[in-house]
Amino acid sequence: MPRRKPVGWPDLMTAKRLASGSIAYYWSPPMRARKAGCPVLPEALGTDYGAAKQRCDDVLNPHYRSWLAKGEGVEAGTERAMRGTFDWMVATYKVSPKYTKLPAETRSSYDRMLNMVSVLPLKDGRAFGSLTLASITPGAADKLHERIKVNPKGGERIRTAVLAMKVCQRAWNVARRSEPKAVPSDNPFQKMDLAYKAKTTRLFQYDDLQKFVAAADAAGEQSIGTAAMIAFFWLQREIDIIGRLAWSHYRPADAPHVARIIHHKTGEVVDLPLYDDDGTALWPDIMHRLDASDRHGTLIVTRDTADRFKGVRLPWKKRHFLRHVAKIKTAAGIDPEIKFMGLRHGGNTEGADANLSDAQMRALSGHRTTAALLRYAQTSTQQRRVGARLRRNARTKGGQKSE
């Protein structure tokens, strides 16, 4: 257990040394808050400091502070929301394990969708969240969907509307299992015939990566170049790179020849070998960079200058990080439509272009299914060219020449 807490240690988080010798983290509200009915319950956070910190900073402490400030629970409070209303149903869903066990980023996304629906004004001046569940018909759900499809500036947000309806459907079903007498069995958000075709994510190619890293280094933003390389080569998500990937995951004490990449969204842990059988480095670009880097705290990726008040390099916040990414893309001459997530997509597609099997690609990326993998490993001209070559070779090998 650390004697001196590092800068940025979350409020209400404690550490305890287990019998195995590892450190486990816990979050708990004060006893007076628990006696007062605080709906944010104590939680064991595991042994990964980065993940524990992220959970406290993004979910537990904001919800606790919201309850302190408003006397409400989590956004739509269990005490103030009238039983049987949409807001009450949302609060019931949010204390269910079906919600609390979701990854932090997923919960944050769901919160935005449910809050958007809840505060939507009706013609009589009330908010949608005040409606009783019995009054929400399939027709009302359809009208709600049509309203949300139009953003406040008049443009379309079809993807957002579809997600909002699906989250409402999920919340209704979960609340129904907990409160079968108060939640109607007919879910108005089901069978809405929702359809959305996602746009193809623009890819970061390897050449783009090199230009991006060079521009980041030239701007004194080496940490962002490092984050980009990790996303492309080791296929880790942005939120895990800037908030959870610790130095203890690179050449860990129990396996010094691997990089331990944890995909918190799926819970998959991938031990990527750093060397081939003959001792050749498998990831020379990123390994050389990390081995030569100074360490400024627990996390690998931290801001590149010390905070002027605290005197240490703090972790990146997502929005701040992405603003700097946008500036570096401009400096590197990279299309602004190519997002940071395009690095992970680009790395997966590089694997598909190299003719890796689905099993080999999943072993590298941590995807559980081929269906999930295919959303990242996009089809490309290179793959079509290889496919055409193999078909041609199959024809000509048997003497059935078509040239």
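The values are calculated or read from the model by the stated rules, or taken from the named source; none is laboratory data. The model shown is predicted, which means the values in this text are computed figures rather than measured ones. Cβ placement follows ideal geometry from the backbone for every residue including glycine, while neighbour counts extend to all protein chains displayed.
Among the residues of region 44-55, are any surrounded by 17 or more Cβ atoms within 10 Å (Cβ to Cβ), of a type in the set (D, E, K, R), assigned to a helix (DSSP H, G or I) and within 25 Å of the chain's Cα centre (by Cα)?
Within region 44-55, one or more residues are surrounded by 17 or more Cβ atoms within 10 Å (Cβ to Cβ), of a type in the set (D, E, K, R), assigned to a helix (DSSP H, G or I) and within 25 Å of the chain's Cα centre (by Cα).
The residues of region 299-336 that are over 28 Å from T47 (Cα atoms), basic (K, R) and at pLDDT below 90 amount to a single one, R308.
Test each condition in (1) within 18 Å of Y206 (Cβ to Cβ); (2) assigned to a loop (DSSP other than H, G, I, E, B); (3) within 18 Å of the chain's Cα centre (by Cα) for P315 and report the one that comes out false. Answer for P315: the failing condition is (1).
Does H296 satisfy being modelled with pLDDT under 85, closer than 24 Å to H263 by Cα and not in a helix (DSSP H, G or I)? Answer is no for this residue.
Within region 12-38, can you find the residues that are of a type in the set (A, V, I, L, M) and either touching a helix residue (DSSP H, G or I) at 6+ places or on another chain (Cβ under 8 Å) or loosely packed, with under 11 Cβ neighbours inside 10 Å (or both)?
Listed by number, the residues that qualify are L12, M13, L18, A19, I23, M31, A33.
Where residues in region 241-258 are in contact (Cβ under 8 Å) with a residue 60 or more places away in the chain and part of a helix (DSSP H, G or I), which of them is nearest to M287 (Cα to Cα)? The selected residue is I241. For region 318-338, the set of residues classified as in contact (Cβ under 8 Å) with a residue 12 or more places away in the chain and either of a type in the set (G, A, S) or surrounded by fewer than 17 Cβ atoms within 10 Å (Cβ to Cβ) (or both) consists of K318, L322, K327, A331, A332, G333, D335, E337, listed by residue number.
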